[in-house]
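Please treat every number below as a calculation from the coordinates, not as lab data. Quick caveat: nothing in here was measured; it's all calculated off a predicted structure. Please note: Cβ atoms are built from the backbone with ideal geometry, for glycine as well, and neighbour counts cover all protein chains shown.
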Amino acid sequence: MEKVIKGHVWKYGDDINTDVIFPGKYTYTVNDPVEMGEKALEDLDADFVGKVKPGDVIIAGKNFGCGSSREQAAVCIRVKGIGAVIASSFSRIYFRNGVNVGLPLITSCEVQNAFEHGDEIEIDFEKGEIRGKNGVFTFPPFNDFFFGIIKAGGLIPYTRKRLGI
């Protein structure tokens, strides 16, 4: 994971729940992370899987990831190469699952109204800046610990690396 990413915006609204991020019908039948990625946002945006590019960013409103606690909803977005998810707020469990799997999550109320679907976006995690055609928006920069978790691909790989196991 780079400290600066560039991509395009995938914009969604409020209350995007885990059932539309990763459809519940696959919860017990899809176990491979790559296959999970092929189901990402299937019930919300039929174009997402075929058109998303590494480094693209999801921008959403309040309560992103509400619903069930399924970890697949964070995994499927991460394996598609999403550079970050920016939302006005996240469900507590989704935020934790995102950290656990190494998905960069940024809370910002300003950003949702400043970007449209398809806009170019740049995020500097070290400086805490989100840049686009409508300006620069700030967020608390990722510290070395948090960035280390993201770069390692999640909390478990980060811990294993730090412990040398």
To the nearest Å, what is the center-to-center distance of the range 94-119 and the range 21-53, using C-alpha atoms only?
18 Å
Only Lys, Arg (+1) and Asp, Glu (-1) charged, at Cβ; the range 4-163 dipole about Cα centre in debye:
600 debye
Can you tell me, using C-alpha contacts under 8 Å and at least 6 residues apart, the relative contact order of the range 4-163 as a whole percent?
24 percent
Between VAL34 and GLU120, what is the label-point separation in nm under the 7 Å Cα-to-beta-carbon projection?
3.2 nm
Taking r as the C-beta separation of PHE145 and SER108 and R0 as 30 Å, the FRET efficiency to the nearest 0.05 is 0.90
Please go through the range 28-126 and write out the chymotrypsin sites (Phe, Trp or Tyr not before Pro) that DSSP classes as loop and that have at most 16 other C-beta atoms within 10 Å.
TYR28
Between (1) 57, 39, 38; (2) 43, 41, 27; (3) 111, 39, 21, which entry matches Cα extents along the principal axes in Å as derived from the coordinates of this structure?
(2)
Using helices alone, what [θ] at 222 nm do you get for the chain, with -39,500 (n - 2.57) per DSSP H run of 4 or more residues, divided over all residues and rounded to the nearest 500?
-8000 deg cm²/dmol
Hey, if you drop one equal point scatterer on each alpha-carbon of the range 90-141 and run the Debye formula without solvent, what base-10 log of I(q)/I(0) do you get at q = 0.16 Å⁻¹?
-0.53
Principal axis extents for the range 11-69, Cα atoms only, whole Å, descending order, please.
30, 26, 17
Ordering 138-146, 9-17 by per-residue average of other C-beta atoms within 10 angstrom, highest first, gives 9-17, 138-146
